[in-house]
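The values are calculated or read from the model by the stated rules, or taken from the named source; none is laboratory data. Since we're looking at a predicted model, the values are computed, not measured. Please note: Cβ atoms are built from the backbone with ideal geometry, for glycine as well, and neighbour counts cover all protein chains shown. Keep in mind that these areas ignore ligands, DNA and RNA; they rest on the heavy atoms of the full protein, side chains included. Shrake-Rupley method; radii C 1.70, N 1.55, O 1.52, S 1.80 Å.
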Amino acid sequence: MRRREFLELLPSGMVALNSGLAAPQREDALPRAHWMDDGIIDAGGTHEPYLFAVRRGGQSLDAREQYEKAQSEDVIRSLKNAGVEVFHTHLYKGFGMAAEMPEMQDTVRAAVFAHSLGMKIDTYIQWNTLMYETFFAEEPRAKDWVQRDSLGRPILLTYGFQQSYRYRPCFKNQEYLDYLKKIVRFAVQEVKTDFIHFDNFDLNAEPDSCHCRWCVNGFRDRLRTKYTAPQRQERFGFSNIDYVNPPDWNASNPPEKLRIISDPAIQEWIDFRCQLMADALHQMAAYAKSLNPEVVIEVNPHGITGGNRAWAAGLDHARFLPFTQAFWTEEPNVPGLEDDGRLVSKIRSYKLARTFNNVLFTYTDKDELALAECLAFNQTIGFGGVYPLTPASRKYIAFYRTNRQLFHQTRDLADVAVLRSYASIAYNQPRCQLSAILSEQALIEAAVPFHLIFDQHLNNLAPYRVVVLPDSECLSDSQIQNIRDFVAAGGGLVVIGASGLYDQWRRERVTPGLAGLVDAQPQRHSPTEQEQRKEVGRGRVFFLPSLRFDGALPEFHAYFTVDNRFWKNPANAAQFLEGMAWARNGAPSVQVEGQPHLVANAVEQQLGNPSGARLHAIHLVNYQAHRGPLHNIRLTCRCANSSRVSSVHLYSPDFAGKQELSASSRDAAVTFTVPQVDTYAIATAEWI
C-alpha cells in the first residue's frame, strides 16, 4: 500500500507574482483588489470604539472627545494632506452589533467623508472576541459558540490579566461564522469599506485549545476525509478514529516543554487547527469578495518571529495568506544593530509577505530605520502611523510618493531560496527554526538577496540557482524527488544538518532521503563536522553539518521560541556562504561588496516600452546609521537578457531628485559605486 504524501494533503499555495515564480491557479483562488497594485499608504485615528474604552477601564475623562476627534473631518483631511491614501478606523469590537450600532454608524459617516476626499476606508473588525456581557443579551445562542477547554470551561482572550469578559469564539461553529458575515456585509454594503482588517487572527496556545463538540467532531471528520482506512491504519496503528481526542495535558506533562512532537495525534491536531483557521478565513474572504471583489482582506497573525506558529497559534502562513493582500505583524523586532552585534530586523516577515503577494503592515512611523527597512523590503509604505503623523513618517511618505515609479509592480530578484518546511519546524522547533533563522541571518548580513519558499513551492524550483535546506528534516518522497530533479537540471543545493532524514510524519528513514546527493550523510546517532561538496548531474550539492551559533546558546523559553536573542550571524557564516557560492556555480545576479551591517534587497521591473527595457533597483539599508553613514559601496548587477545599461542613478530620502552614477559594463554586467548611504538609498540600473 502506498501512502499519500503529506504535501499532497495540504492545500496548494498561490505563489506571489512579485517573487519571480510562476503562480499556479488554486481552485479556491479569490479575486484580488486591483487598487492595491500600486501600493498603499494607510493611517488613521483609532480602531477602538468608545464603548470598549469605557468597559476596559482606566480611560481619561476626555475619552469621548478623543474618540470623536480620531474620526473627525479635520483629522481625515489632515491625513489626506500628508499623503495618506487610506483612512483606518474602527467598526466592530465584539460586543454584538446591537450594542455597537451607534458607533458603527459613526464609521459610516467617516467613510462618506473619506471617500469624498478621494481616499479609501480601512475598517477594523474583531475576529476573535465575544464580549459576552452584551453579546449574549443580543444573541443567547452564542453561549454555544464559544471555545471551551477540555473541562468544558470557556476560553478567554485576556490582556494583562484583565478583560475576562472576552470569550474566544469557535471557528468550527458555523453559526458564529454566519454572524461574522453579518458584520462583513454591513462593512461592505453600509460602510462601503475598501479594506477589512480582521484583528486577533490566531488561536490560543496549548493547553488552552478548543475541545468543544464542534472541534472534537471536526477533528475526527478531518482524519476520515484526509486519510483512507488503510492510511489511518498506517498513521495510528488502527483505522477506527471515532474515539481519537485532541491532546490533553497535566502539570507533569506541560505542552510548553514538548521539544519534539512525534505523537501522530498531536501532529494531526496541529494540522487540524491550521486548516480550521485557513478555512474560516477563506469562507469570510470569499463572502466579502462576493459582495465586492475590490475589497482587500487583511489579518493580524504576526509574521516570522521565531515562534512555532503552527503549534502555538494554529497558524500556517502558507495556507491562509493566499486569501489576503495584507497582514499585520506586531512583533517587537525593532530594526537596529544591538550592542552585542545582533542585527535585528523584520526582514523575514517582509519576505513572507512578498512570497504570497501581500503587503506587510507594522509599526514603522517613529523610526527612520524602520521606515527604510519597510520601503526596501515591502516596496510600499503599508501602515504610516496614527494622527498626527511623525516627521519621519511624513518624510518617507513624501519620498515614496515622489518616486513611486521605482516601486510599481516590482518583482523580488534573488538567486537563492531558503525553504521553511512546515513539518520540520512544527515538529522540531528548537533545531529546525533555529537553523532557518541562522541561515537567513547569514544571508541578511552578507547583503545577499534571497526568497523564502514553503512546501508548495518545491513543485517549481526552476527560478532559483540555489535552494537552501536548513535542517529541513521532514521531507516527503515527492518533495525529495522535486529536489533531486532540480539538482539534475543544474540547480545548486545547500543541505544543512538533518535535512531529509525523516519523512513527512517525522518517521526516521532507513536510508537518508538525500542519499546520493549527499554522500554518507550522518544519521542523528553519528554526527559529523565534515562538509561535503559534490557535483550531481548538471548541478552541485554542498553539505554543511550545522550552522553554529556564535557564543553560548541562549536558554529557550516556553514553546522554544527562537526570538531575537538568537539572531546572530553564525560562527561559520563564511563557510556557509562560500559553499553556497560554489553550489551556485557562477556569478550572482546582484553583488554588494565590503560593508558591515549594510543590508540589500534587489527588485526588477518591466518598464513596459516596446524595447523590453527593464529596471534593476538595489535597495540599501544602513543598520548602523546611528554610528554614521557608509561610504563607497561597490555594486554589480547582471542581466543576461539585455545588451547594455543606459543609465545608473541613486535616490534617497536624504537628498532631492536623483544623482547620476558613473558605471562600467562588461558581459551583461554593470559595476558602479554608491558614494554614501546615510540610512536608505536606492541604486537603479536601466537595461535596454
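Cross-linked pairs K69/K346; K69/K366; K80/K346; K120/K366; K257/K568: Cα-Cα separations exceed 30 Å for K69/K346. Taken over the stretch 618-676, the ratio of Cα radius of gyration to 2.2 N^0.38 Å equals 1.26. Looking at the stretch 453-528, the trypsin sites (Lys or Arg not before Pro) that sit in a DSSP loop and have at most 14 other Cβ atoms within 10 Å of their own Cβ are R507, R524. Calculated on the Cα set of the stretch 220-259, radius of gyration then Dmax: 13.2, 36 Å. If the segment from H631 to A98 were pulled out straight at 0.36 nm per residue, it would be longer than the present Cα-Cα gap by 185.8 nm. Can you give the percent of C-alpha pairs in the stretch 525-581 whose distance is more than 16 Å? Above the 16 Å cut-off, the stretch 525-581 has 58 percent of its Cα pairs. When every Cα-Cα distance of the stretch 131-200 is counted in 5 angstrom steps from zero, the calculated P(r) takes the values 4, 14, 20, 24, 18, 13, 5, 2, 0 percent. Computed about its Cα centre, the charge dipole of the chain is approximately 1100 debye, with only Lys, Arg, Asp and Glu carrying charge at their Cβ.
Please list, by residue number, every one of the GluC sites (Glu not before Pro) in the stretch 88-139 that is coil in DSSP and has at most 14 other beta-carbon atoms within 10 Å. Answer in residue order: no site qualifies.
Of all alpha-carbon pairs in the stretch 315-434, indicate the percentage at a distance above 19 angstrom. Counting pairs separated by more than 19 Å, the tail of P(r) holds 55 percent. Size of the stretch 450-568 from its Cα atoms: along the principal axes, largest to smallest, the extents are 42, 31, 28 Å.
The length gained by stretching the chain between E531 and Q676 to full extension, at 0.36 nm per residue less their Cα-Cα distance, is 48.4 nm. Label zone (Q162, point 7 Å along Cα-to-C-beta; backbone nitrogen cut-off 12 Å) within the stretch 32-61: 53-60.
When you work out D = kT/(6 pi eta Rh) for the stretch 549-626 at 37 °C and 0.692 mPa s, using the Kirkwood radius from C-alpha pairs as Rh and the Stokes-Einstein form, the result is 199 µm²/s.
Annotation: H631 carries an accessible surface of approximately 90 Å², with a 1.4 Å probe and no ligand, DNA or RNA atoms counted. Which helices count as membrane-span-like in the chain under these terms: full DSSP H, at least 30 Å along the axis by C-alpha, Kyte-Doolittle mean of 0.0 or more? Helices passing the filter in the chain: 264-291.
The D485 and D242 beta-carbon pair, evaluated with R₀ = 35 Å, returns a calculated FRET efficiency of approximately 0.30.
The base-10 log of I(q)/I(0) for the chain, evaluated at q = 0.09, 0.10, 0.11 Å⁻¹, reads -0.80, -1.00, -1.21 [Debye formula, identical scatterers on Cα atoms, solvent excluded].
Highest-first packing order for the peptide set 422-429, 32-39, 445-452, 469-476 is 469-476, 422-429, 445-452, 32-39, based on the mean count of other beta carbon atoms within 10 Å. For GluC sites (Glu not before Pro), the sites in the stretch 308-411 that DSSP calls loop and that have at most 16 other Cβ atoms within 10 Å are E330, E338. Each principal axis of the Cα atoms in the stretch 92-175 has its own extent, and those three values, largest first, are 53, 27, 24 angstrom.
Projected label points at A398 and S252, each 7 Å from Cα along the beta carbon direction, are separated by 6.7 nanometres. Looking at the chain, the accessible area is 38 square angstrom per residue; that uses a 1.4 Å probe and ignores ligands, DNA and RNA. Taking the accessible area of the chain, probe 1.4 Å, and keeping the other protein chains in place, the carbon and sulfur fraction comes to 48%. Across all C-alpha atoms in the stretch 522-673, the radius of gyration and Dmax reach 20.4, 61 Å. The orientation-averaged shadow of the Cα convex hull for the stretch 24-89, equal to a quarter of the hull surface, comes to 7.4 nm².
The Rg/Rh ratio of the stretch 446-493, with Rg taken over Cα atoms and Rh as the Kirkwood radius over Cα pairs, comes to 0.95.
On a per residue basis, the convex hull of the C-alpha atoms belonging to the stretch 432-518 measures out at 93 Å³.
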